[in-house]
Each structure stands twice: as C-alpha cells, then as structure tokens.
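Since the structure comes first, as structure tokens, the remarks are kept for the end.
The values are calculated or read from the model by the stated rules, or taken from the named source; none is laboratory data. No experiment lies behind these values; they were computed from the predicted model shown. As a convention, Cβ positions derive from the backbone with ideal geometry for all residues, glycine included, and neighbour counts pool all protein chains shown. The protein model used for the area step is the full one, side chains on, heavy atoms only, and it has no ligands, DNA or RNA in it. Shrake-Rupley method; radii C 1.70, N 1.55, O 1.52, S 1.80 Å.
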Amino acid sequence: MSENFRLDKGGLINRDKKLSFKFNGKKYFGYEGDTLASALIANGVHLVGRSFKYHRPRGFFGAGVDEPYAIVQMNRNNEVDPNVRATEQELFEGLEAKSVNCWPNVDFDIGAINNFLGKFFPAGFYYKTFMWPKSFWYKLYEPIIRKAAGFGAASIKHDKEKYEHKYEYCDLLITGSGPSGLASAYAAAQNGAKVILAEDKSRFGGSLLTSEVTIGNQSGKEWAEKIISELKLMPNVVVKNRSQVFGYYDHNMLVMSERVSDHLPKTEKYIPKQRLWYIRAKEVIISSGSIERPIVFGNNDTPGVMLSSAAKEYLKIYGVLVGKKPLIFTNNDSGYETAIEFKKNGIDPIVLDTRRDPNSEIIKEAKDLNISIKSSYVVVAAKGYKKVNSADIAKISDDKKNISNIENIKCDCICVSGFWTPTIHLASQSGNKTKFNEKIDSFIPSQPKQKETTLGSASGIFTLEETLKTSFEKGNELSKQITNKENKVSIPTVVEKKSSNHDKFWCVPLPEGKNYKRFLDFQNDVAVSDIQLALREGYRSIEHVKRYTTLGMATDQGRTSNLNGLQLVSDIENKVVPQVGHTTFRPPYSPVSIGAIVGREIGKHSKPTRKSPMHYWHEKNNAVFVDAGVWLRPRYYKRGNENLFEASKREAKNVRQNVGVCDVTTLGKIDIKGPDSAEFLNRVYTNAWLKLPVGKARYGVMLREDGIVMDDGTTTRISENHYHMTTTTAQAANVLSHLEYYLQLVWPELNVNVVSSTEQWAGAAIAGPKSRYVLQKLFPDLNVSNEGLPFMGYMEGNLFGVNAKIYRISFSGELAYEVNVESDNGNYMWEKIMEIGKEFNIQPYGTEALSTLRIEMGHVAGSELDGRTIPYDNSLDGLVSKKKDFIGKRSLSKAAYIASDRQKVVGVIPLDKKTSIPEGSYIVKDAKAKLPNPKLGHVSASCWSVEYDNPFSLAIIKDGKNMIGQKLFALSPLKNKTIPVEIVSSHYVDPKGERVRS
Amino acid sequence: MLHIKCPHCGLRSQNEFSYGGDATIKRPELNKEVSDQDWDNFVYLRKSPRGKHLELWQHISGCRQWIKVERDTLTHEIFKTLKANEEL
Ligand SMILES: [Zn+2]
C-alpha cells in the first residue's frame, strides 16, 4: 500500500530507511523515526480501535502521551505487550501490532451494539444493572463484560524480557526537555550541579521541535539541538530520552521508567527492555509542558477529530497529513499555527474560530496566506462513522448560548484546539496545593510542599521569552544554592509571534432536536450526558462524580478530559471551577509495565539464596532440597527410587537405631559478650540463667511482651562473660533485633554486646545411640564419656587440625552432639564425620527426618510456636521461672492465659493406625455436627512415627490436658478427609527423656 | 520512600530501616507491681496521631542502631532524628 498521506519532504524522519510493519495482520511501510501512529496515518489508516463502553470507532486523537484512543497490543520479541500507545511506540522493522477492544474485529464490532443501546448504558450503568442475582455475575455478566470491555490481553506466559532497577542521586532532576527544561538544565549544569534531564519522547526539544520561533540566531529546533549536544558532553549531566518520570514520592524520591529497548525489534543481550530509575533529587524542576484541550461538540470522538497540536506534530515531525481537507476548530491562536502549516504544504484548511473578529500577529499571517477563516463559528457535530467525512458547523451568538445558520461542509479531519492545560500531575503528586488560574482556565502549581519548582507552560507561562528567562534564572538560582558556584549564562533573545487572548469556550450547545453524544473522556467513554445524569442523581463531590461516571479514571488520567469535566460540573452547579476542585492525581502519570516494577527480583531472584558450606556435598549425594526461609536445606537424600516418605523414614530410623548426621548450619547464632550477659539472658529468657556454669548449655524460651513465645533455642556459656546463643532458622533476624532493642533502648545500663555469628559457623548434628562412638573417633584426645561430656555439656576440641566446638544438645531426642567449625572448614568436617561414621552405619538425614524425630518426641518447634501460643500451651511450664521477672512475664497472668480450659499441645493418633492426618486438620468432637462445626483446635505437625510405625501428629487443642484419652475426629475439608483419632500425650517416644542423658 | 538521617550513618533510604513504633512508650520497670491496665497500655495501646509522632526505627541494613525519628504522619516530614539515648 502506498503512503498516500506522506508529504514528499519535511519532517525529522529518516527517509533513507524504509521499514515494513504489520497492523491487524496487514502489511504497511513507514520510515525510521516514525511512531506506529504516524506511520499508520501516513498510510491512511485512521480506524485503530473501539471505545471502551460503546465500542464506537476510534482513531488517533493526540501524538504522544496524551493519546486516549490509539492503544494497541504489541507483539515484539515473541512477547505480548498490551496497552501500548501507538503514538508513543516507535516504528521498527517487522513491528507487529493489533487493535484492542474489538471483538471480532475492528471493522465489525459486536460490542458496538452498545452504541445504539446508549440510552440504556448511562453513568453508573454497571452499579445499577448488575446488582442481582449474585450467581449471574459468574455465569453471565462477568464473562461478557470481560470479553467486550477491557483493553489489551495480558500474556499468561512467563515474560522472558529483562527489566532492571537503578538508584540515582542528583542535585537537579528536570522532567521534560522543552524550552524550560533545556534552559534550566543548561544554567544548572554551568554551575556544576549534577543534573538528570529526562525526556519522555525519543526526540529532545519538546515544543521547540514544532514551533516557529527564533532563539538567538537559530531556529528553536537548532537551538534545542545545540543545547542538548552540549549537555550530553558534560560529565555532571545525564540526559535520558524515552524516559518518563511518572511518580513523585516522599522526600524528593521520583521514579522514572526508561524504555530502553521498546523501540528496537529485539532486546540485546545484557540490555534490559526497560529500566526503572529511583532518583533522589535535591531539587526537582517540573518542565512537563502542557497538553492541548479539546472543545466538546457532537460526535467529537469520530476518527479524524484530533488535537490541532497533534496534527501539527504529524506534519512537522513526521511529514504526515492527518487529512487533505482539514477543518480547524479553535478558541485561541494555536489553531492558526496548524492551519499555516497545512497551507505551507499545499493543503487548504478552513479555520473556525469561536471568537468574534480575533486579531493577532499569527492571525494576520494566516490571513495573508489566504486561509479561510470563519469567526464566531463552531463545529456542531462531526459526521461520518468510521471516519469524519463532513461537519455540521454553525454561527454562535456572542453569549455562546445560541447557534444558528447550521450548514454541512465537507472535511476529512477536524483539528481542535481549546487552549492549553498545564501538566501538573507531578507537582500535584508531590503535595503541591495547586490553584486555579482564571486567565488560562486551568490549575497551576502554587505553594510547593517538597523541593519542587514548576517552569514553562506547566506553570502557565505560554510565551517562550518569559519561559526561557525564568528557566535560566531558576536553573541558575537552584543549582547555585547547592554547588556554591555561579557561572551565569546570558539569556538569548527570542523572536516569537504574540498571541491574543483565548476564548473561554469549551462546549458547543446541542442544536434543537439533536441528541449527539458529546464526549468528555475519550478513553472511558464519558459523555456530557453522563455527568449531567450523575449530578441529577445527587452526586456532588467531584471525587464521587469521577468514580460514578469514571471520568478521568482511565490510563490517560484524564489528560484531555479533566478540565472540561470540571467546567461542566461548575456550569451545572453554578459554581466556579476552583470551588469544584480537581481530583487527586496519583502515580503513575503514565502506565508502567509490571515487569519494570518487579525488575530483576523475580522467581528465585526475589530473595537471596543461602547455601551452607556443605551444600555441594549434599548435592553430590542426591539431596532433595527444600526452602527454609532464604536457606536451601536437604529435605532428604534420595537412594534409588525412594520417595520422600520412604527416604525420610529410613533416615529417621537410622538415627533411632544407629547414628545420623544433619546439617544444622542454618540455625541462627548470636554471640553475646560483656559482664552483664548473664543478667541480660536472665531477663530475655523465661528460665533462670544466673547460675549457668562455664562450659554448660541451657535450653531457653523467650517471649514477646504479650506473653507469646517468640523463639526457643540453647545458649552456652563459653567463658565467664561470653555466651553462644542459638535461635531457630526462621527467627534469627528478629531475635537479634529484639535483643538490640532491649540493650539499646530499655536497659542501656547493661554492659552487653550482641552480634550475629550465623554465617561464621558450620554445624553438624550427630545423633543416635552410636553418636558417641563417632565423636570419640573424631576427637580421640577428648573424654567424651557421659561423665566427661554430660548432657548439656560443652567442649572445645581439635578436629583433625581444625578448631571445633562441641555441644551436647539434642533435637532428635537421641543421644546427640552438635559440632561447629568455622564455615570454611564445614565441608572438611562433614567429610570427616561421614568417613569416620561409616563403620557405625552413619547416614545423613534431612529436614523431613528431623521433623519426624522431633514430632514423635513431642518437641515443639515453629509449627507450635506459631506466634499464637504461650509457654503453658506448649507444656513448657517448667521453664517459666516463678521467682524472677523477664520479658513478657506480666502477660502470663492474664485471665485468658490461665483459663482452666486453655489450649495445649497434645499428641494425636488415628484409630486405624494407618491414615495420616493432614497438617492443618481441625479437631472436632462430632464429625457430623451441623456447620459451623465447633472446632477444638488444629493439627500442627504430622509424621510417620518410626518408633511405632504408625502415623502420629501434634495438635493444639482447647482444654488439651483434659483431652488425653478421648476419641475425637480430625477433619480436613481441603483433603476431604474425616479421620477418627485418639488424643494422647505429645511425648510419644521416650517420655522421660532418658535417651538424651544416656 | 522516606529519606532518614541516621544519627550514626547519615542520610539513608527507608529500605535500610525497619519501623519500631511509638518511641515514647516506657517499659514498666522489672520486678515492680504493674496494674492490668498499665500493662495493657504498655503492650497494646498506641496512639495514632495525625501529625507529629516520635517513633523508633532500626537501621537494620546499616549500623543496627535503634534511633528515634520525629515524623509527621500526614506529610511524612521528618523534623529530627535522635540517638537511642537522646531525648527531644
Ligand atoms: Zn545507621
């Protein structure tokens, strides 16, 4: 297809590089430097989508971030990218995109029936209609709404693209590279400030690229190019294009999304698709410019109706005509710039100006070019369905209330200009109390809350001369305060055409007997009639009107609709706009892909992976790993075709019969030193610590102040003022913070220091009746007999040349030792243990066997110490000192904690001794009771007892101590199981604890 | 993200810190009789002021010190940061 709407010359595109692309399956050509939008328009394609609610045909309305319609689904690099603005997507060879919101296709759209049912589809339609019955939601409403509405379809595949995050600090962050951004960046850079200049588009220069101005002796565009090339060479300046600063957060933290590779067919190796910048700026200059406002008239959403500034941009940047018979509809001088541009390219536009006999330099220029101008004229309605083919125009009275002389004139596009709206989103996000400026009918930033300054047209200044002057000055002033250096640059002279005042006119009245839809919000399909209805129904607050009608709630954040919506509400309510107030702007200013927000912290990179020094030995020996917090721990070691159940049973059995070894490196370890350490431990733990001798370990439980068990573990007195504390793997970090809290804030008088030593030690637990033989061979010089190293004893030794610490402690309930060596020697220790243990049939065991061993012994662990239980619930009464005070003690006398039917940990056995009880099952009295069945408690941990060869579980149940011997039921609605059970003591194996002392 | 001036390390981003609640709460002394109500006040009851709030933060990914931060809960303005042993 030939490019019928491309001019023979002009624009900033590279005509030497022709690119082919596909839209909705059809092949087209464009040029390097095009956007998908400009290339489609060059090919005469104006129908690109369907509207959200009524499924009316949609074309292009803008030329950049302001675009509310042309949202497409991209297929790039084998990935689907929904909701991409065609006006922002740069063209590349082989680009493939398709329309969204169309079913079955853009030309024939079933949803468009909504358009004809329009009167049944008013504001609040969804609220009103789909109220009942509830079941219809799942079956009927939701599937249909989902199919008919929504934008692009997200892929359900894993996104293979790379995204990354970057943290940056700067003196000045400048958001936008138009005249104010360039001037302030240049002035600040001269003073040595560290500057980041961010431009959303691919080309720098903003309005200078399309305006007819002279700066110094250069055109605006040449000046912009010169400034940018100078800035790029300065070491203190970072210049970024394709980068949208979308969020202004607390303490001058701004977030910017850089589209690094979206304009390329493929993402290069080692380069991300997008990069998210977290920028902490000392000062922020908001130079985000302004966006043209539409004027509201009948059928103003017809493809071919677009912003006049967009039409000019397509002409000047892309050499593309948006139409060959343009109608320009304006209430200010900007429309004339577009008209002149058309005229210069051999096209005859007609200008309708709402003003009566306007006069200015630029209007004179238009007249001199013989452009046809009709003053006091308006467009009443656009005609044509899939594309504008004519317009009803009319004369408007001076009071703007009456229209007359309606006539139909042929045109193929309507370029509309309703003056300019400053882009105040970032200022508003930062907390700036914006104020309404009557002169420009818009809100502009006023008192900044954070270190932020808005310049140029974003602040309501619409002349280049004043913009440059204030921007050079502000850039100089703000940077000077930071760098204490001044290298002032002279402000260039500016030649620009003076404008006359705009007309405060924004909505064309309906002609008698006509009921045209007049749209305010083009992306969410909100028409004038919807707002009128909402107000009739009693909605008053603009925030409520917004939510009820969805005005300004689409992804374009109402960039082209907010002010006209406010004008309408204020007109109907007879209030001035500032009384109505505008809704709150929230980040992101423009949609950001989820991938960019997530960055590299995805999948296994979402948290660090910690491995013990023995990890590779485990790997080599067929360990199957399990995540334990951030650690990888062997769950079991697979032999042959064993499954988890078989392997863990074998491993646990071997511990009970011979000896096993388990990697316990992951246990939290805290080194405690200082003369008051004993006193401190005495306050932290519930039991007594003052009399623990050197060379002895003690089991302890620590509480939170509310009496709930926080953690448990053993602590060993290494020397007079030195203790070695162990914590559970999961609570290690919390316990350290807890100890630091008390030492730094509550009892700073205690002379104690704590430091994490988890990573300094590799640990191996050697457990089982034959463990002493292994230990003796590991340390032939030591007396490790029951007398020499009794239960809860501690020794230091030399393990074949490396220093080792030996603790006689047990988690498995068997005779057991934990040997610690410095991490670097961990693997060496492990291999020695395996080598020496061979003759005693040593086997490594994983966390599954470890759990089995502790469950059948009735040792409580994380699943019982679950942040909801107190020591008494866990039968740890013996560890709670009656004599001394400790953290959380006062809470233990609370009525609920000492109630006679207080919950308690018990053992549970299935009556058939066969059926395993799923963890999480409820314990109930009557399996068939009416729902909700009163629950006595839940099963916290389950195992297959290797001692008795039947299932055994622990449960926390109400009045547990009086339940022993009762026959109850375990219910698992999840697994659909009802299991008759008997409640027994939690200490199923070796209830007297003789083995650990043997 | 807040920018918090650790009195030991200087200005750092919020993600290096963890929040620790009201800094004006005093733990009842050990081994002293405490009424149920006083104990409940200490353990559970916290004010949720709109405006200035003196609160604890721990510089967990830095010096590991607990610090006091005077912050406006509405605007997030930070007026002052103090070491654990300093008072406003
Ligand atoms: Zn610090």
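For region A:298-329, which residues satisfy the criterion of being closer than 20 Å to A:Lys221 by Cβ, under 36 Å from the mean Cα position of the chain (by Cα) and of a type in the set (A, V, I, L, M)?
Those that are closer than 20 Å to A:Lys221 by Cβ, under 36 Å from the mean Cα position of the chain (by Cα) and of a type in the set (A, V, I, L, M): A:Ala310, A:Ala311, A:Ile317.
Which of the residues that make up region A:389-437 are among the aliphatic types (A, V, I, L, M) and more than 25 Å from A:Tyr249 (Cα to Cα)?
A:Ala391, A:Ile393, A:Ala394, A:Ile396, A:Ile403, A:Ile406, A:Ile409, A:Ile414, A:Val416
Residues of region A:565-586 being in a helix (DSSP H, G or I) and among the β-branched types (Val, Ile, Thr), which ones?
A:Val569, A:Ile572, A:Val577, A:Val580
Counting only residues that are within 9 Å of chain B (Cβ to nearest Cβ) and open to solvent by less than 40 Å² (accessible area, probe 1.4 Å), which one in region A:713-742 is nearest to the chain's Cα centre (by Cα)?
The qualifying residue nearest to the chain's Cα centre (by Cα) is A:Ser737.
For region A:350-383, how many residues meet the condition of being in a strand (DSSP E or B) and among the acidic types (Asp, Glu)?
Total meeting the criteria: 1.
Each row is one residue, and each column tells you yes or no for (1) modelled with pLDDT of 95 or more; (2) away from chain B (no Cβ under 14 Å); (3) part of a strand (DSSP E or B).
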position: A:Leu865; (1), (2), (3): yes, yes, no
position: A:Phe886; (1), (2), (3): yes, no, no
position: A:Ile917; (1), (2), (3): yes, yes, no
position: A:Lys930; (1), (2), (3): no, yes, no
position: A:Pro951; (1), (2), (3): yes, yes, yes
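Would you confirm, using the coordinates I've provided, whether A:Ala730 is assigned to a loop (DSSP other than H, G, I, E, B) and either under 20 Å from A:Gly826 (Cα atoms) or at pLDDT below 95 (or both)?
It is true that A:Ala730 is assigned to a loop (DSSP other than H, G, I, E, B) and either under 20 Å from A:Gly826 (Cα atoms) or at pLDDT below 95 (or both).
May I ask you to list the residues in region A:46-83 that are without any contact (Cβ under 8 Å) to a residue 40 or more places away in the chain and open to solvent by 20 Å² or more (accessible area, probe 1.4 Å)?
Of everything in region A:46-83, just one residue is without any contact (Cβ under 8 Å) to a residue 40 or more places away in the chain and open to solvent by 20 Å² or more (accessible area, probe 1.4 Å), namely A:Asn75.
Test B:Ile67 against the criterion of being within 16 Å of the ligand (Cβ to nearest atom), open to solvent by 20 Å² or more (accessible area, probe 1.4 Å) and β-branched (Val, Ile, Thr), and give yes or no.
Answer is no for this residue.
Limited to region A:587-636, what total is found for residues that are within 16 Å of the chain's Cα centre (by Cα), buried (at least 17 other Cβ atoms within 10 Å of the Cβ) and not in a loop (DSSP other than H, G, I, E, B)?
2
Only one residue in B:Leu54, B:Leu74 is more than 16 Å from the ligand (Cβ to nearest atom), modelled with pLDDT of 95 or more and among the aliphatic types (A, V, I, L, M). Which one?
On inspection, the qualifying residue turns out to be B:Leu54.
Being in contact (Cβ under 8 Å) with a residue 60 or more places away in the chain, under 28 Å from A:Arg650 (Cα atoms) and not in a loop (DSSP other than H, G, I, E, B) is the filter here; which residues of region A:768-799 pass it?
A:Ser771, A:Tyr773, A:Val774
Residues are listed down the side, and each one gets a yes or a no for (1) open to solvent by 30 Å² or more (accessible area, probe 1.4 Å); (2) among the aliphatic types (A, V, I, L, M); (3) farther than 30 Å from A:Lys401 by Cα:
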residue	(1), (2), (3)
A:Gly460	no, no, no
A:Glu465	yes, no, yes
A:Glu473	yes, no, yes
A:Asn476	no, no, yes
A:Val489	yes, yes, yes
A:Phe505	no, no, no
A:Val508	no, yes, no
A:Glu512	yes, no, no
A:Asp521	no, no, no
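Taking the condition of being part of a loop (DSSP other than H, G, I, E, B) and touching a Pro at 6+ places or on another chain (Cβ under 8 Å), how many residues in region A:523-564 meet it?
7
Please go through (1) of a type outside the set (S, T, N, Q); (2) under 24 Å from A:Thr758 (Cβ atoms); (3) in contact (Cβ under 8 Å) with a residue 60 or more places away in the chain; (4) out of contact with any Phe, Trp or Tyr (no Cβ under 7 Å at 6 or more places or on another chain) for A:Cys662 and return the number of the only condition it doesn't satisfy.
(4)
Can you tell me which residues in region A:477-487 are closer than 10 Å to A:Ala193 by Cβ and polar (S, T, N, Q)?
Once the filter is applied, which keeps residues that are closer than 10 Å to A:Ala193 by Cβ and polar (S, T, N, Q), region A:477-487 yields A:Ser479, A:Gln481, A:Thr483.
Of the residues that make up region B:2-19, is at least one open to solvent by less than 40 Å² (accessible area, probe 1.4 Å) and either acidic (Asp, Glu) or away from the ligand (no atom under 16 Å from the Cβ) (or both)?
no
Among the strands (runs of 3 or more DSSP E) lying completely within chain B, list those that include at least 3 residues that are touching a residue at least 40 places away in the same chain (Cβ under 8 Å) and more than 8 Å from chain A (Cβ to nearest Cβ).
Once the strands (runs of 3 or more DSSP E) in chain B are filtered for at least 3 residues that are touching a residue at least 40 places away in the same chain (Cβ under 8 Å) and more than 8 Å from chain A (Cβ to nearest Cβ), what remains is B:3-6, B:66-72, B:78-83.
With (1) farther than 19 Å from A:Ser202 by Cα; (2) open to solvent by 10 Å² or more (accessible area, probe 1.4 Å); (3) in contact with a strand residue (DSSP E or B) (Cβ under 7 Å, 6 or more places away or on another chain) as the list, and A:Asn43 as the residue in question, which single condition is left unmet?
(2)
Look at region A:759-791 and say how many of its residues are among the hydroxyl-bearing types (Ser, Thr, Tyr) and surrounded by fewer than 17 Cβ atoms within 10 Å (Cβ to Cβ).
Qualifying residue count for the region: 1.
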